[in-house]
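The values are calculated or read from the model by the stated rules, or taken from the named source; none is laboratory data. These numbers come from a predicted model, not from an experiment. With ideal geometry, Cβ positions are generated from the backbone for all residues, glycine too; neighbour counts draw on all protein chains shown.
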Amino acid sequence: MAIRTFLALDLDETIRNRIVEAARRIGDRGAKVKWVEPQNLHVTLKFLGDVQDGMVADVCAAAADAAARVQPFDFQVRGVIAVPPTGQLRMFWVGVEDPTGRTGALHEALDQALGPLGFQPEGRAFKPHVTLGRVRLARDPSALRIAAAPLAGEDFGQQRAEEVVVYSSRLTAQGPVYAPVSRARLGP
């Protein structure tokens, strides 16, 4: 059996609540938007897709190895971003600013640790973010972009990254249900 799996940095409750309030302020504006549930807000480091049961322990060990190579760090959660900025709107992100560069270093360490297990690096540059919502249908995407524009510089708070969480993701009719499989502390 396979388990849908991803690796992430958690967000504290205060930041999650502020992000949820931003989604409420944007609203749906006549569009069909699937806002991410508060408990599911996180910074995705690497999405693995379906992982066979027998490999999950190896993935957790690789995550621990990668996490041990990067010291804990602080990052800022700031600004709502409409993706893409023009044309048909697909989603809303919240930006992640990391002046230390350790989010990128952690992503790279995960790529290196997971490579021998058959997980390939993504073909595009890593851009840390929090997915806020997915736009399923927007007849007037400009209305959503206009509603989100005042939130472009919104400061949701600073977060301390101290661990990588390996999550399983079970898709249901009500939306995805995430469950932590393991936690790997950053630093030696």
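Of all residues in the stretch 123-145 being touching a residue at least 24 places away in the same chain (Cβ under 8 Å) and either of a type in the set (Gly, Ala, Ser) or over 18 Å from residue 94 (Cβ atoms) (or both), which is surrounded by the most Cβ atoms within 10 Å (Cβ to Cβ)?
Per the stated criteria, the residue is 133.
Out of 20, 33, 59, 94, which single residue is modelled with pLDDT of 95 or more and touching a Gly at 6+ places or on another chain (Cβ under 8 Å)?
94
Look through 69, 90 and report the one residue that is in contact (Cβ under 8 Å) with a residue 24 or more places away in the chain and buried (at least 16 other Cβ atoms within 10 Å of the Cβ).
Selected residue: 69, the only one of 69, 90 that is in contact (Cβ under 8 Å) with a residue 24 or more places away in the chain and buried (at least 16 other Cβ atoms within 10 Å of the Cβ).
Has the stretch 97-105 got any residue that is assigned to a loop (DSSP other than H, G, I, E, B), out of contact with any helix residue (DSSP H, G or I) (no Cβ under 7 Å at 6 or more places or on another chain) and exposed (fewer than 12 other Cβ atoms within 10 Å of the Cβ)?
Within the stretch 97-105, one or more residues are assigned to a loop (DSSP other than H, G, I, E, B), out of contact with any helix residue (DSSP H, G or I) (no Cβ under 7 Å at 6 or more places or on another chain) and exposed (fewer than 12 other Cβ atoms within 10 Å of the Cβ).
In the stretch 166-178, which residue that is surrounded by 10 or more Cβ atoms within 10 Å (Cβ to Cβ) and not basic (Lys, Arg) is farthest from residue 71 (Cα to Cα)?
Step by step, filter the stretch 166-178, then rank; the result is 175.
Could you identify the single residue in 33, 20, 51 that is out of contact with any Cys (no Cβ under 6 Å at 6 or more places or on another chain), under 30 Å from residue 151 (Cβ atoms), aliphatic (A, V, I, L, M) and without any contact (Cβ under 8 Å) to a residue 60 or more places away in the chain?
Only one candidate qualifies: 20.
Looking at 8, 64, which is the one that is closer than 26 Å to residue 125 by Cα and assigned to a strand (DSSP E or B)?
8
Table: residues versus (1) in a loop (DSSP other than H, G, I, E, B); (2) farther than 21 Å from residue 14 by Cβ; (3) among the aromatic types (Phe, Trp, Tyr).
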residue	(1), (2), (3)
130	no, no, no
139	yes, yes, no
142	no, yes, no
187	yes, yes, no
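As an exercise: evaluate residue 114 against (1) at pLDDT 95 or above; (2) more than 15 Å from residue 48 (Cβ to Cβ); (3) surrounded by 18 or more Cβ atoms within 10 Å (Cβ to Cβ) and give the number of the one condition it does not meet.
With respect to (1) at pLDDT 95 or above; (2) more than 15 Å from residue 48 (Cβ to Cβ); (3) surrounded by 18 or more Cβ atoms within 10 Å (Cβ to Cβ), residue 114 is out only on (2).
So that you can scan it fast, the table gives a plain yes or no per residue for (1) farther than 24 Å from residue 96 by Cβ; (2) small (Gly, Ala, Ser):
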| site | (1), (2) |
| --- | --- |
| 110 | no, no |
| 117 | yes, no |
| 122 | no, no |
| 127 | no, no |
| 132 | no, no |
| 137 | yes, no |
| 140 | yes, no |
| 143 | yes, yes |
| 148 | no, yes |
